[in-house]
Amino acid sequence: VLPKRPRISIARTPIASAVLLALASPSLLAQEATSLGEVIVTAQKREQSLQDVPISIKALDEKSLDELNIQGFKDYVQFLPSVTMQASDGAGSGYSAVYMRGVATGGDGQATTSQPSVGMYLDEQPITTIQGNLDVHLYDVARVEALAGPQGTLYGASSQAGTIRIITNKPDPSGFDASVSLEGNYVDMKEPGYVLEGMVNLPLGERAAIRLVGWSKRDGGYIDNVFGSRTYQTATTVAAGLGQGPVSQENSAFVEEDYNDVDTYGARAALRIDLTESWTVTPTVMGQLQKADGGFNYDPSIGKRDTTRFQAERSRDGWVQAALTVEGKIANLDLTYAGSFLKRDDDVRSDYSDYSYFYDLAGTYLYDSTGTSIIDPTQYIKGKDRYRRNAHEIRIATPQDARFRFIGGFFFQEQQHRIEQRYVIDDLSLTDYEVTGWSDTIWLTEQKRVDKDYALFGEASVDIFEPLTFTGGIRLFRSRNSLKGYFGLNDDWSGSGNSGETLCSQQAGDLRFDTSSWVPFHSIGTAPCTNLDTVVKQDDYTPKVNLTYRFDDERMIYATWSKGFRPGGVNRNSQFPPYKADFLTNYELGFKTSWFDNSVRLNGAFFWEKWDDFQFSYLGVNGLTIVTNAGKSRIWGFETALDWVPVDGLSLSGGLSILDGELDEDFCKDILATPGTCATTDFAAKGTTLPIVPDYKVNLTGRYTFDLGEYGAFVQTSLVFQGATRSALLPAEQSVLGGRNRAYQLVDLSAGIENELFHVELFADNVGDERVDVARNTQCDFNFCTRTAITTGTPRTVGIRFGQKF
C-alpha cells in the first residue's frame with residue numbers, strides 16, 4: 001500500500017512563511033506598484049517578447065539567475081515547474097536524465113538505450129547526450145528558457161516533451177565591461193566549498209569584440225563512506241568439501257567522511273565580428289572539466305547520508321564545444337547558419353561489489369586455475385565514454401512584422417558514442433574466466449553507437465484578421481541508428497550464447513572456442529571479436545497547428561495540436577528486435593496575460609497528451625538492458641507562472657505544475673511472453689501512475705529591496721515544494737527499490753547590500769536540511785537484490801557571496 005500523497009503545508013516552513021508574509025504586509029501593498037520589465041526570448045528561433053510567443057515557456061533572465069544564485073542544472077531545475085530530473089546510478093548532475101510534463105518511464109541515460117525526451121541547447125547548438133545532460137556552469141548567461149510540450153517542428157529529435165535552452169551573453173563592441181564574483185560556503189556546516197567567476201568584454205574596434213568568461217568551483221561532499229564488512233559464502237563450496245574458507249572483506253581503506261566532493265573548472269571565449277551592417281559572424285569555444293570523488297547515493301539501512309563502499313569511486317567529465325553562428329540578410333530575408341562540434345570524454349570508476357555479493361556469487365566461488373584457492377570476487381567498473389557530435393542548421397526567416405511569416409530550413413547531426421565498460425575483479429587472471437586479451441576483466445563492453453538525423457522543417461504564420469493568427473508547421477525527418485561491437489563474458493563463463501565470446505563462436509559457425517573466424521573490434525580498446533552489428537532506419541514527420549487570439553496588447557489565448565518524437569534504436573541482445581520511434585501527441589490550451597499596467601504577469605496552459613508505443617528500458621537476462629515499445633499512456637496537466645510587483649521594491653514570482661500521467665492499457669515488459677501469461681513481477685495494470693515525475697511542483701520567491709544609508713539592501717526567500725513520485729513503473733520493481741521517492745520542501749534565504757557596482761550577501765540554502773530523493777536504484781538484478789541506494793540532493797549550505805562590476 002503506497003503512502004498517501006502529502007498535502008502542501010506552509011506550516012512546515014515557518015521561517016520562509018514569516019518572510020513572505022512580511023514582504024506582502026498591508027503597509028507595503030499600500031505603496032505604488034511598478035511595472036515588470038519585458039523578457040525577450042528566442043523560443044521560435046527569432047527574438048520576441050515572452051508575452052507574444054504562443055508556447056508555454058518559463059524564462060529565467062539574467063537578473064533572476066543572479067538573484068537566485070543559479071549556477072548549474074540542479075539549481076535551475078528547482079524553478080522550472082514542468083521540469084524534473086533523475087540522477088543516473090548515483091552520479092553527479094552531469095549524468096542526470098531530464099523530463100518534462102510527466103513524459104518518463106525510468107531506465108534512461110544508458111549508452112545503448114533510448115535518446116532523451118528533452119532537448120538541451122547551448123545558444124543555437126544542441127548539446128543533448130544519451131548518457132546525461134551537460135551540466136553547464138551558468139555565469140554571464142542571458143537566460144534559461146524551458147519550452148514545455150513537444151517542440152518537434154523547430155527542434156526535432158529529443159525534443160519530444162520539451163526543450164531547455166541556455167542563452168549566453170554575446171560580445172558587445174559598444175564598450176568595455178567586466179565582472180568578478182566570489183563565494184565561500186559550508187555544506188552541512190562542515191565541508192567547505194567555493195565559487196570563483198570572472199568575465200571581461202573587450203571591444204576590438206567599432207565592429208568587433210571578444211568576451212572571455214572563466215570559472216572555478218568546489219562543491220563540498222556530504223555522503224559518508226562508513227566502515228563495513230561482508231563474507232562471501234555459498235552452500236556449493238561447503239558441500240564440495242574443498243577445505244577453503246569463505247572470503248571476507250572490509251572497507252577500512254576507503255572509509256571517509258564527506259567523500260563525494262566535486263571540482264569544476266571551465267571557460268568560454270566568444271568573438272563577434274560585424275562584417276557589414278547586416279552580416280555578423282560569432283565563433284565560440286566553451287569547455288568544462290568536472291572531477292568528482294565518491295558517489296551521490298546513500299543506503300537508508302545504514303544511516304542518514306551514509307553508505308558502505310568497498311572500492312574507490314571517482315569520475316572525470318570533460319567536454320569542449322566549438323561553435324559558429326553566421327547571421328545576415330539576403331534582400332528582406334534573415335539567414336542564419338549554426339554549426340558546432342562537441343567532444344565529451346568521461347572516465348568513471350565505481351564500486352560494483354553489491355552485484356558480486358547478491359547476484360554473481362549466489363551459487364559458487366571463483367577458484368584459481370588450480371582449483372584450490374579462492375580469489376576475492378569483488379567487482380568494480382572502469383568505464384570510458386568518448387562522445388562526438390557535429391550539428392549543422394541553416395534556416396531563413398521572413399520579416400516577423402509581416403502579415404505572412406515563415407521560418408524554415410535544413411538540419412543535420414551525427415552523434416558518435418564510443419563505449420567501454422570493464423567489470424574488473426582483481427586477480428581474475430589466475431582463473432579461466434577473464435575476457436580474452438583483457439586482464440582481470442570478467443565482462444567487457446566495447447561498442448560504437450552512431451546516430452544520424454536529417455530534417456527539413458518549416459513553420460508559417462498568417463494573421464487571418466488582426467486578433468487571430470494561424471500557424472502551421474511540419475518537420476520531415478530521417479534517422480539512422482547503428483550499434484556495433486562486443487559485449488559479454490568469455491567462452492568459459494558464457495555458455496548460454498546470448499553474449500560474449502560464445503556468441504562470436506556461434507556467428508563463426510557454432511564452433512565453441514574456435515577463434516579462427518573472429519573479427520576483432522576496435523573502439524577505445526580492441527575487443528576480442530565482434531558479436532553485434534545492427535542498423536535501424538526510419539522516415540517520418542511531426543506536424544504542428546496553432547491558433548492564437550489576441551484580445552489586446554496585454555492578453556491572448558492560444559490552442560495547439562503538436563507532435564514530438566524520439567528515433568528508434570538497436571537492442572544489443574539479439575533475441576529482441578530493434579525498437580521503433582515513439583510519438584507524443586499534445587493538445588494544449590494556453591494563455592498569456594498582463595494586468596494592472598503590467599505589474600502582474602500571469603501565464604499558463606492546460607494540456608492533454610497521448611504517448612504511443614513509448615520506449616521502455618528494463619533489465620533482462622544477465623543484467624542486459626532491453627528497450628521495447630511498451631504501449632500507451634496518457635498525461636493531463638496544468639502549468640502556470642506568475643510574476644508580480646505589488647509595490648515599488650517588492651517582487652513576487654512563482655510557478656505551479658499539476659500532472660496526472662498513467663498507463664492507458666495493461667503493460668507487460670516481457671514482449672516475448674505469451675499473451676495472458678505475463679509474470680506478476682513484469683506486469684503493470686492500466687491506470688498505473690508513470691514514474692519519476694511528481695503530481696505537483698510549486699516554487700515561490702519573494703524579494704524586497706530598500707535603502708540602507710547610501711546602499712541598497714534586500715532580503716529574499718525562495719520555496720520549492722514537490723510531491724512524492726513513483727520510483728519505477730512496475731509495482732514489483734518499486735517494491736524492490738523501497739517504495740516511492742518522498743515529497744520535499746526546500747527553503748532558501750538570503751540578504752545583502754548592493755549598489756550599481758558591487759553586492760555582498762549572506763545566504764542559507766535548504767534551511768530545513770531536507771533529504772531530497774533524486775532517484776532510487778540498485779546495483780543488482782531486481783529479482784535477486786533488495787538493497788536500495790537513494791541519490792540525494794545537497795544538504796543545508798550556508799555562505800557569503802561577493803560580486804563586483806567594472
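The values are calculated or read from the model by the stated rules, or taken from the named source; none is laboratory data. If you're wondering where the values come from, they're calculated on a predicted model, not measured in any experiment. No Cβ is skipped: glycine too gets one built from the backbone with ideal geometry, and neighbour counts run over all protein chains shown. Side chains are part of the model used for accessible areas, which takes the heavy atoms of the whole protein and leaves out ligands, DNA and RNA. Shrake-Rupley method; radii C 1.70, N 1.55, O 1.52, S 1.80 Å.
Key figures
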read-out	value
Residues satisfying the stated conditions in region 267-299, i.e. among the small types (Gly, Ala, Ser), within 24 Å of the chain's Cα centre (by Cα) and at negative phi	267, 287, 292, 295
Unmet requirement for residue 388, which otherwise passes all of (1) more than 19 Å from residue 316 (Cα to Cα); (2) open to solvent by 40 Å² or more (accessible area, probe 1.4 Å); (3) basic (Lys, Arg)	(1)
Flag for residue 616 being under 30 Å from residue 500 (Cα atoms) and either assigned to a strand (DSSP E or B) or without any contact (Cβ under 8 Å) to a residue 60 or more places away in the chain (or both)	yes
Some residue of region 594-613 being of a type in the set (A, V, I, L, M), touching a Leu at 6+ places or on another chain (Cβ under 7 Å) and either at positive phi or open to solvent by 20 Å² or more (accessible area, probe 1.4 Å) (or both)	yes
Residue count for region 359-385, restricted to those that are open to solvent by 50 Å² or more (accessible area, probe 1.4 Å) and either at pLDDT 75 or above or assigned to a strand (DSSP E or B) (or both)	3
Of all residues in region 733-779 being polar (S, T, N, Q) and surrounded by fewer than 17 Cβ atoms within 10 Å (Cβ to Cβ), the one that is nearest to the chain's Cα centre (by Cα)	735
Subset tally (residues that are within 26 Å of residue 464 (Cα to Cα) and buried (at least 23 other Cβ atoms within 10 Å of the Cβ)) for region 571-587	1
Strands (runs of 3 or more DSSP E) wholly inside region 669-780 containing at least 2 residues that are modelled with pLDDT of 90 or more and polar (S, T, N, Q)	696-708, 711-722, 744-754
Hits in region 520-547 - residues which are among the hydroxyl-bearing types (Ser, Thr, Tyr), assigned to a strand (DSSP E or B) and touching a Lys or Arg at 6+ places or on another chain (Cβ under 9 Å)	534, 541, 542
Residue in region 278-292 that is at pLDDT 90 or above, buried (at least 18 other Cβ atoms within 10 Å of the Cβ), assigned to a loop (DSSP other than H, G, I, E, B) and not aliphatic (A, V, I, L, M) present	no
The listed residue being part of a loop (DSSP other than H, G, I, E, B), within 13 Å of the chain's Cα centre (by Cα) and closer than 25 Å to residue 339 by Cβ, out of 129, 163, 153	129
The lone exception for residue 610 - which of (1) in contact with a Gly (Cβ under 6 Å, 6 or more places away or on another chain); (2) within 30 Å of residue 577 (Cα to Cα); (3) modelled with pLDDT of 95 or more it fails	(1)
Single condition residue 94 does not satisfy, out of (1) open to solvent by 10 Å² or more (accessible area, probe 1.4 Å); (2) at pLDDT below 90; (3) within 29 Å of residue 269 (Cα to Cα); (4) not β-branched (Val, Ile, Thr)	(1)
Odd one out for residue 143 among (1) buried (at least 23 other Cβ atoms within 10 Å of the Cβ); (2) part of a strand (DSSP E or B)	(1)
All positions within region 298-316 that are open to solvent by less than 20 Å² (accessible area, probe 1.4 Å) and either of a type in the set (A, V, I, L, M, F, W, C) or assigned to a strand (DSSP E or B) (or both)	298, 307, 310
Any hit, region 555-570, residues being under 24 Å from residue 130 (Cβ atoms), touching a Leu at 6+ places or on another chain (Cβ under 7 Å) and open to solvent by less than 40 Å² (accessible area, probe 1.4 Å)	yes
Condition met for residue 327 (closer than 30 Å to residue 411 by Cα and in a loop (DSSP other than H, G, I, E, B))	no
Selection within region 537-561 - over 20 Å from residue 456 (Cα atoms) and of a type in the set (A, V, I, L, M, F, W, C)	547, 551, 556, 557, 559
Cβ pairs under 7 Å, 6+ apart, first in region 739-750 and of a type in the set (Gly, Ala, Ser), second in a strand (DSSP E or B) and open to solvent by less than 30 Å² (accessible area, probe 1.4 Å)	743/722; 750/716; 750/761; 750/763
Complete set of residues in region 718-732 that are open to solvent by less than 40 Å² (accessible area, probe 1.4 Å) and either over 25 Å from residue 644 (Cβ atoms) or in contact with a Ser or Thr (Cβ under 7 Å, 6 or more places away or on another chain) (or both)	718, 719, 724, 725, 726, 727, 728, 729, 730, 732
Pairs with Cβ under 6 Å, 6+ apart, first in region 667-678 and under 16 Å from residue 576 (Cβ atoms), second of a type in the set (Asp, Glu) and modelled with pLDDT of 85 or more	668/682; 669/682; 670/682
Set 563, 592, 610: member being within 22 Å of the chain's Cα centre (by Cα), assigned to a strand (DSSP E or B) and not hydrophobic (A, V, I, L, M, F, W, C)	563
Residue satisfying condition, being of a type in the set (Phe, Trp, Tyr) and either in contact with a helix residue (DSSP H, G or I) (Cβ under 7 Å, 6 or more places away or on another chain) or within 27 Å of residue 381 (Cβ to Cβ) (or both), within set 711, 696, 704, 744	704
Members of region 317-335 found to be of a type in the set (Gly, Ala, Ser) and open to solvent by 20 Å² or more (accessible area, probe 1.4 Å), listed by number	322, 331
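Per-residue answers, yes or no, for (1) surrounded by 18 or more Cβ atoms within 10 Å (Cβ to Cβ); (2) within 24 Å of residue 697 (Cβ to Cβ); (3) aliphatic (A, V, I, L, M):
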| site | (1), (2), (3) |
| --- | --- |
| 620 | yes, no, no |
| 638 | no, yes, no |
| 641 | yes, yes, yes |
| 644 | yes, yes, no |
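Residue-wise test of (1) of a type in the set (D, E, K, R); (2) under 26 Å from residue 525 (Cα atoms); (3) crowded, with 20+ Cβ neighbours inside 10 Å.
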| site | (1), (2), (3) |
| --- | --- |
| 422 | yes, yes, yes |
| 429 | no, yes, no |
| 434 | yes, yes, yes |
| 444 | no, yes, yes |
| 447 | no, yes, yes |
| 465 | no, no, no |
| 473 | no, no, yes |
| 476 | no, no, no |
